Structure formats: structure tokens, C-alpha cells
């Protein structure tokens, strides 16, 4: 019994010694892990401090460089917008005044016509009373001559007033386009200042010309619909010397992206030459085909959307997708305003850049409503 107690005590002591050693190891491991976490937290704090210093430095650069320049641009553009708004207000007032003047002239013209009718009746009555048939009093002839002169002058004034009104309306359209363009530039400047990075904005050229004045408005509508369907926006447009020559400044897609997209659309359209109208094309292809059909109705027209060139002559309808260098040469030679020369130049291009859609346009059905 005594031996058993002694053995039990020895076992208990050995267990206590083992447990103590294990506790010490766990304690050492726990302290080592705490030291590692402290070192990791210290490193993260150092990294965060470095990032904070970099952010503060970048913010200081923005405050010193970007914000003053942006403020100056905003004040400059705000002044331009106020001037354009004032000019637009003056144009509106002048248009209202000219409209009132036109109404007065119309009333005067009607009054002169009524007076002329009365004097004509009076002349007829006096001729029936005159001793010599066909002779009219000198006062009546003078009055009739004066009325004819007044009517002629009144018609000339009306024509001039209408021309002036049309010119002022064109000026108003240009001012509105300038206001939209300036507002877009300001929005882009504000976005740039808030993000700290300049936005990528690519502007591509667009042109539209037709020799047929009766088709001008229709072509403009179809052309701009094609622009919107191909995910482009009109930044600005203006006449180049005459109303039939329109220049467009477009944004939204790069020249490379547009070139690939238009090439695919023309390939798809060219495949329909044998069986036109047998499938329903997507919106971008449908609007391009509508532009092609509308241009085919003209005796001479050109359209450009970035790298895409469409030329209509009395004998053919041809298209091409140009490279950067070819587009620059095309523009420098002013070929968009000369359909005949432009068609000859396009036929010199490689086959993968050129499409002759004369047959397709001659047999293409009208667009669906």
C-alpha cells in the first residue's frame, strides 16, 4: 500500500511537471505571436503613413496647379456664356421686331391692293364718262403709277425681311450650338478636376454635301440618325462656305473602332446584293443603309463619318473605309465637296477598303417605317 501511494505521488508529480512545461511553451508561443502581430501592425502603420503623405502631396499639387487653372477656365467660359446669352437675347428681340414689321408690311400691302382696286374701278368709271374713249385723267394715272411703285417696293422689303429673318435664325442656331459645346467643355473640366485625371476625348470629322437642295433636309436628318445609331454625338456643326456643305465634329468612339465597325457593316450590306431586304438588320446597319438609299436619290452627294466615306455620282454609289493617312489626304484635297473626283480616288484603294453598292442601292427596297 505504501509503495502504491509513493508511485501515485511520483506519477502526479511527473504530470504536474509535464503540464507546467506545456504551459510555458504555450505562453512563449503566445508571446512570440503577439510580437509578430505588433511588428506587422507597425509595418502597416508605416505604410499607411507613407500613403497618407503621398495623398497629401498629390492633393497639394492639385490645389496648386489644377484648381487655379480650372477656376480661371470656369470664369472665362462663364463670361463667354454670358456674352452668347446676351447676343441670343438681342437676336430674339430683333426677330420679334422684324416679325411685327413683316405683319405691318403685309397689312400695308393688303391696303395698297384694296386702294389699287378702288382706283381701277374709278378709272373705269371716269373712262366711261370721258369724251375720248381710253383717256384717263392725269391724276388717276399718277396715282396708279405711285401705287405700283409702292407695291414693288413693298415686295422687295418683304423679301429682304424674310432673308434677314432666315439669317438671324441661322445665327441663333449657331449660338445655341456654341452654348451646348461650351457647356460640354465645362462639364468635362469639372469631371477632370473631381477625378484628378484628364478624360480621354476623341473628336472625329464628319461632312455632308449634296447638289440637290430639295434633298438637303432629308439627308441631314438621315445622316444624324446614322451618327446616333453608331454611338457618336455631335459636338458641333457648321456650314463650310455655303449651306449645302456641312462640317461635323463628332465624339464618342475612336477612328480605329469606327473603321472596324463600318467595315463590318459594309461587308454585311454588300452580301445582300443578290437578295436585298431578306433579313432585318440591326439599328446601326439599318440607319447606314437608309443613308445609302437616300444618297442614291441624289445626282451628286458625299457623306463622311470619321473613316467612312460615301460618294454618290450620277452613275454610281461607292463607299470606302480610309486609314488615317488616306483620310488626311482626302481632307487636304477637299474631296468631300467634289463627288466625281472623290469617286475616282476611292476606286484606286485596295479591294478590302472599297465597296461598290450601286447595284444594291438600285434594287434595295424602301426603308420600313
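Rounded to whole Å, give me the distance from the Cα center of the range 202-238 to that of the range 1-74. Distance between centres, Cα-based: 66 Å.
Taking label positions 7 Å along the Cα-Cβ direction at both residue 51 and residue 362, the computed distance is 6.9 nm, reported to one decimal.
A crude spin-label estimate for the pair residue 33 and residue 212, with each label 7 Å from Cα along the Cβ direction, gives 8.6 nm. As a proxy for reagent exposure, ranking 349, 219 by other Cβ atoms within 10 Å from fewest up yields 349, 219. The stretch between residue 255 and residue 271 holds 3.3 nm of extra length on full extension. This uses 0.36 nm per residue minus the Cα-Cα distance. Mind running the shape call on the range 201-348? Use the C-alpha gyration tensor, a ≥ b ≥ c as the square roots of the eigenvalues: rounded below 1.5 for a/c, prolate if a/b tops b/c, oblate otherwise. Here the range 201-348 falls in the rounded category.
Please arrange 271, 295 by counting, for each residue, the other beta carbons lying within 10 Å of its beta carbon, fewest first. Spell out each step's value before the answer.
Details: 271 11, 295 26.
Listing 271, 295 from fewest to most nearby Cβ atoms yields 271, 295.
With each label modelled as a point 7 angstrom along the Cα→C-beta vector, the residue 77-residue 60 pair spans 3.0 nm.
Mind sorting 24, 237 by how few other Cβ atoms lie within 10 Å of their own Cβ, fewest first?
On the way: 24 10, 237 19.
Fewest-to-most ranking of 24, 237: 24, 237.
Computed from the coordinates by the stated procedures, all read-outs in this text should not be read as laboratory data. Small disclaimer: the values here were computed from a predicted structure and weren't measured. Quick reminder, even Gly has a Cβ in these numbers, built from the backbone with ideal geometry, and neighbours come from all protein chains shown.
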